[in-house]
Amino acid sequence: MDNTLKLEYGFDTTAVRAGTGRSQFNEHSEALFLTSSFCFASAAEMAERFSNAERHYTYSRFTNPTVSMFQDRLAALEGGEACIATASGMSAILSVVMASMQAGDHIISSRAIFGSTVGMFTQIFSRFGIATTFVDPVNPDAWRQAVRPETKMFFVETPSNPLTELCDIETIAAIAKAAGALYVVDNTFCSPAVQQPLKLGADVVMHSATKLVDGQGRVLGGALVGKREFIMEKVFPFVRTAGPSLSAFNAWIFLKGLETLALRAERHSQNALQVARWLEGNAAVKRVFYPGLESHPQYELARRQQHSGGSVLAFEVFGNTPDQQRENAWRVIDATKLCSITANVGDTRTTITHPATTTHGRMTPEARAQAGVTEALLRIAVGLEDARDICEDLNRGLSA
Ligand SMILES: *Cc1c(COP(=O)(O)O)cnc(C)c1O
């Protein structure tokens with residue numbers, strides 16, 4: 001299969017055509033290769049292919065044509081040279097750390113990152129001698145001050161979940177470069193349709209493809225995109241040996257997902273902005289957090305760094321005590337008939353959560369307070385329904 005990329009095409013063309021390879025049947029839509037291994041014409045051919053496993057298909061833990069097509073397409077969309085796909089977003093994080101670090105090394109991470117990523121840094125990597133310092137993503141000085149001689153990685157997620165705080169990707173890139181650290185950006189919440197961190201100085205973009213890349217809440221997967229040397233010489237040997245490889249079936253779902261990514265991301269953002277504006281005008285809402293709103297403290301940075309506001313927003317209801325706040329927040333959730341009460345993001349269907357008692361429930365009350373996740377806070381990942389219907393659904397609990 002020859003899936004050569006033509007990087008001079010625009011984003012939309014790339015999304016539907018990059019990475020496509022065809023078998024001897026010349027199928028139009030990419031084929032799904034559900035096979036664990038591949039055959040050879042002779043002992044000599046088998047020997048040759050095993051010695052060049054990254055360029056040939058031998059065994060699907062190493063490489064698979066459907067997975068390769070997805071990797072090539074995502075790499076092209078992120079503006080990266082190469083991509084390795086993984087079984088989940090978390091296994092992408094596992095792989096980038098295992099590929100580049102060893103005992104004694106140090107990570108500096110934004111403190112406003114995905115809960116399981118915090119768990120990975122504090123409970124798993126720490127047992128293997130890799131320490132992590134968590135810093136305020138908004139304050140570049142905090143990053144500068146956390147640098148140690150053994151710092152090997154900077155880890156950022158922007159906008160943050162659930163408060164949509166932005167980390168200035170370009171500013172932090174300069175600090176990471178000066179420190180000689182690998183700069184990894186988790187681009188799950190934006191996708192390359194909204195934000196392209198490699199163009200702003202990141203070394204590696206990490207994805208939970210489970211979210212916007214699939215876009216329809218069906219399968220798990222992850223990916224790492226970056227320079228060919230790093231991805232093929234560090235990440236690939238780890239993934240093919242340790243085996244957090246992506247299944248061909250999930251890769252095929254993601255390939256199809258990428259074809260509609262730009263359209264979906266645009267509508268997610270339009271809907272989210274409409275819902276955010278409506279919430280901002282609602283007397284039962286105390287505060288709204290959304291990077292597409294002029295009232296967002298980092299609105300100017302959002303306009304520079306992102307093509308749109310993205311799909312995730314948060315808002316606070318009123319309440320004099322934490323108990324009252326929780327009661328009011330839960331009332332909004334329980335009154336919905338349309339929004340799904342679930343934690344997924346980047347789905348066609350709008351989802352609503354109460355972070356303090358779910359995604360952020362295992363943090364200590366002090367850490368939660370420091371992160372700004374109050375009992376009054378609700379998070380919405382806005383889907384592709386009519387924005388008016390989403391607002392009406394939220395209004396049931398807000399007007400009660
Ligand atoms: C979901 C998510 C992950 C983890 O991805 P999985 O596919 O669930 O393993 C990591 N980072 C962010 C920002 C996420 O939303």
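Would you confirm whether or not region 169-185 contains a residue that is in contact with a Pro (Cβ under 6 Å, 6 or more places away or on another chain) and surrounded by fewer than 24 Cβ atoms within 10 Å (Cβ to Cβ)?
Taking region 169-185 first, the residues in contact with a Pro (Cβ under 6 Å, 6 or more places away or on another chain) are 169, 171, 185.
Among the residues that remain, those that are also surrounded by fewer than 24 Cβ atoms within 10 Å (Cβ to Cβ) are: 171.
Yes - at least one qualifying residue is present in region 169-185.
Taking into account only those residues within region 152-194 that are among the charged types (D, E, K, R) and closer than 26 Å to E294 by Cβ, which is farthest from the ligand (Cβ to nearest atom)? Show your work before the answer.
Filtering region 152-194 for residues among the charged types (D, E, K, R) gives 152, 157, 165, 168, 170, 177, 186.
Those left that are additionally closer than 26 Å to E294 by Cβ: 157, 165, 168, 170.
Working: E157: 5, E165: 13, D168: 18, E170: 20 Å.
The extreme case among them is E170.
When you check Q324 against the structure, is it modelled with pLDDT of 95 or more, within 30 Å of I172 (Cα to Cα), away from the ligand (no atom under 16 Å from the Cβ) and not assigned by TED's automatic domain parsing to the domain that holds G217, yes or no?
On the way: modelled with pLDDT of 95 or more: yes; within 30 Å of I172 (Cα to Cα): no; away from the ligand (no atom under 16 Å from the Cβ): yes; not assigned by TED's automatic domain parsing to the domain that holds G217: yes.
Criteria not met by Q324.
Among the residues of region 195-206, is any in contact with a helix residue (DSSP H, G or I) (Cβ under 7 Å, 6 or more places away or on another chain), within 15 Å of the ligand (Cβ to nearest atom) and part of a helix (DSSP H, G or I)?
Among the residues of region 195-206, at least one is in contact with a helix residue (DSSP H, G or I) (Cβ under 7 Å, 6 or more places away or on another chain), within 15 Å of the ligand (Cβ to nearest atom) and part of a helix (DSSP H, G or I), which makes the answer yes.
Spot the failing condition for R111; the list is (1) under 24 Å from L220 (Cα atoms); (2) open to solvent by 40 Å² or more (accessible area, probe 1.4 Å); (3) within 15 Å of the ligand (Cβ to nearest atom), and only one is missed.
Failed condition: (1).
Any residue in region 279-287 that is at pLDDT 95 or above and within 25 Å of the chain's Cα centre (by Cα)?
no
Can you give me the number of residues within region 131-163 that are over 25 Å from L377 (Cβ atoms) and either part of a helix (DSSP H, G or I) or open to solvent by less than 10 Å² (accessible area, probe 1.4 Å) (or both)?
Number of matching residues: 9.
Counting only residues that are of a type outside the set (A, V, I, L, M), surrounded by 18 or more Cβ atoms within 10 Å (Cβ to Cβ) and within 14 Å of the ligand (Cβ to nearest atom), how many does region 114-130 have? Reasoning before the result, please.
Kept after step one, since they are of a type outside the set (A, V, I, L, M), are these residues of region 114-130: 114-117, 119, 121-123, 125-129.
Checking the rest, the ones that are also surrounded by 18 or more Cβ atoms within 10 Å (Cβ to Cβ) come to 114, 117, 121, 125.
Among the residues that remain, those that are also within 14 Å of the ligand (Cβ to nearest atom) are: 114, 117, 121.
Looking only at that region, the number is 3.
Look through R267, R277, R287 and report the one residue that is open to solvent by 20 Å² or more (accessible area, probe 1.4 Å) and within 28 Å of R17 (Cα to Cα).
On the way: R277 fails: within 28 Å of R17 (Cα to Cα); R287 fails: within 28 Å of R17 (Cα to Cα).
Criteria check complete, one pass: R267.
Looking at (1) among the acidic types (D, E); (2) over 23 Å from Q298 (Cβ atoms); (3) in contact with a helix residue (DSSP H, G or I) (Cβ under 6 Å, 6 or more places away or on another chain), which one does E229 not meet, given that it meets all the others?
Among (1) among the acidic types (D, E); (2) over 23 Å from Q298 (Cβ atoms); (3) in contact with a helix residue (DSSP H, G or I) (Cβ under 6 Å, 6 or more places away or on another chain), the lone unmet condition for E229 is (3).
Exactly one of these conditions fails for T86: (1) away from the ligand (no atom under 16 Å from the Cβ); (2) modelled with pLDDT of 95 or more; (3) within 28 Å of L163 (Cα to Cα). Give me its number.
All conditions pass for T86, except number (1).
The values are calculated or read from the model by the stated rules, or taken from the named source; none is laboratory data. Because the structure is a prediction, the values reported are computed rather than measured. All Cβ positions, glycine included, derive from the backbone under ideal geometry; neighbour counts span all protein chains shown. Accessible surface is based on the protein model in full, side chains and every heavy atom, while ligands, DNA and RNA are left aside. Shrake-Rupley method; radii C 1.70, N 1.55, O 1.52, S 1.80 Å.
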